[in-house]
1. Which pairs turn up if I take residues in the stretch 1-28 that are outside the structural domain of residue 121 (by TED's automatic domain parsing) and look for partners that are assigned to a helix (DSSP H, G or I) with beta carbon separation below 6 Å, at least 6 apart in sequence or on another chain?
2. Confirm whether residue 174 is out of contact with any strand residue (DSSP E or B) (no Cβ under 9 Å at 6 or more places or on another chain) and within 17 Å of residue 198 (Cβ to Cβ).
3. Tell me which residues, restricted to the stretch 173-186, are in a loop (DSSP other than H, G, I, E, B) and either in contact with a helix residue (DSSP H, G or I) (Cβ under 6 Å, 6 or more places away or on another chain) or at pLDDT 90 or above (or both).
4. Consider only pairs whose beta carbons are under 6 Å apart and that are at least six residues apart or on different chains; among these, list those whose first residue lies in the stretch 236-263 and is on the phi > 0 side of the Ramachandran plot and whose second residue is in a loop (DSSP other than H, G, I, E, B).
5. Which one of 202, 189, 126 is out of contact with any helix residue (DSSP H, G or I) (no Cβ under 8 Å at 6 or more places or on another chain) and either at pLDDT below 85 or not assigned by TED's automatic domain parsing to the domain that holds residue 234 (or both)?
6. Might you let me know whether the stretch 223-233 holds any residue that is in contact with a strand residue (DSSP E or B) (Cβ under 9 Å, 6 or more places away or on another chain), touching a residue at least 24 places away in the same chain (Cβ under 8 Å) and surrounded by 15 or more Cβ atoms within 10 Å (Cβ to Cβ)?
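The values are calculated or read from the model by the stated rules, or taken from the named source; none is laboratory data. Everything numeric here is computed off the predicted structure, so don't read it as measured data. Here the Cβ is made from the backbone with ideal geometry for all residues, glycine too, and neighbour counts use every protein chain on show.
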């Protein structure tokens, strides 16, 4: 009861102070914050519209993405480096949810409930060891993950390439040079970012497993046409066009796909 009485007395003192020295947060300050937030959102939307339809703000930021590139290393903006490296730690499809949703959500929930759990009025850092240690560990973890994300080398293609010999042995195209070259292109072009192949890669946007693509007997010509313009062959397909790889490389990729009979 003493704690409850103290809080009631503190709240009453706050109300008395508001009456004598200022206005309460609700609704006055909250109203001002809401109006300012709306102004900021309107300004951002207005800048986006002006940027999209005019050249006043500089037009395009850079060249459009080239799905045919095999050298570009994708990286997020610096403030997402910590999440970028978490994804490299939890790289298996079954654990990606931990890096993208689980850990950030748990940390955010802990941050939101902390004020409701710790009701002490003590402000001196020396009297709050748990809070100080928790804050220090959070800063260190974010700093370490950000640094690792900024300096990490792209290893996805090399990891996929390491699996190619086992693919060739299981699928039986070890003696097919064109199919082997196509498998290397498959790894370098980032195809496993959306497709899976004999347990390697991850399935995104409904992209199918390609381990048994050759068992469908679609033929080289169909595979080349599909790679050049997926939405032309399969209307509504979200798969990007790989026409920029060139016909020779598309022939190799197609040979690899047609040699994939499912092991």
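1. 24/18
2. Working: out of contact with any strand residue (DSSP E or B) (no Cβ under 9 Å at 6 or more places or on another chain): yes; within 17 Å of residue 198 (Cβ to Cβ): yes.
Considered against the rule, which asks whether it is out of contact with any strand residue (DSSP E or B) (no Cβ under 9 Å at 6 or more places or on another chain) and within 17 Å of residue 198 (Cβ to Cβ), residue 174 comes out as yes.
3. At the first step, the residues of the stretch 173-186 found to be in a loop (DSSP other than H, G, I, E, B) are 173-176.
Residues satisfying the conditions are 173, 174, 176.
4. Final answer for the pair search is 262/211; 262/212.
5. Working: 202 fails: out of contact with any helix residue (DSSP H, G or I) (no Cβ under 8 Å at 6 or more places or on another chain); 189 fails: out of contact with any helix residue (DSSP H, G or I) (no Cβ under 8 Å at 6 or more places or on another chain).
126 is the lone residue from the list that is out of contact with any helix residue (DSSP H, G or I) (no Cβ under 8 Å at 6 or more places or on another chain) and either at pLDDT below 85 or not assigned by TED's automatic domain parsing to the domain that holds residue 234 (or both).
6. So far as the stretch 223-233 goes, no, none of its residues is in contact with a strand residue (DSSP E or B) (Cβ under 9 Å, 6 or more places away or on another chain), touching a residue at least 24 places away in the same chain (Cβ under 8 Å) and surrounded by 15 or more Cβ atoms within 10 Å (Cβ to Cβ).
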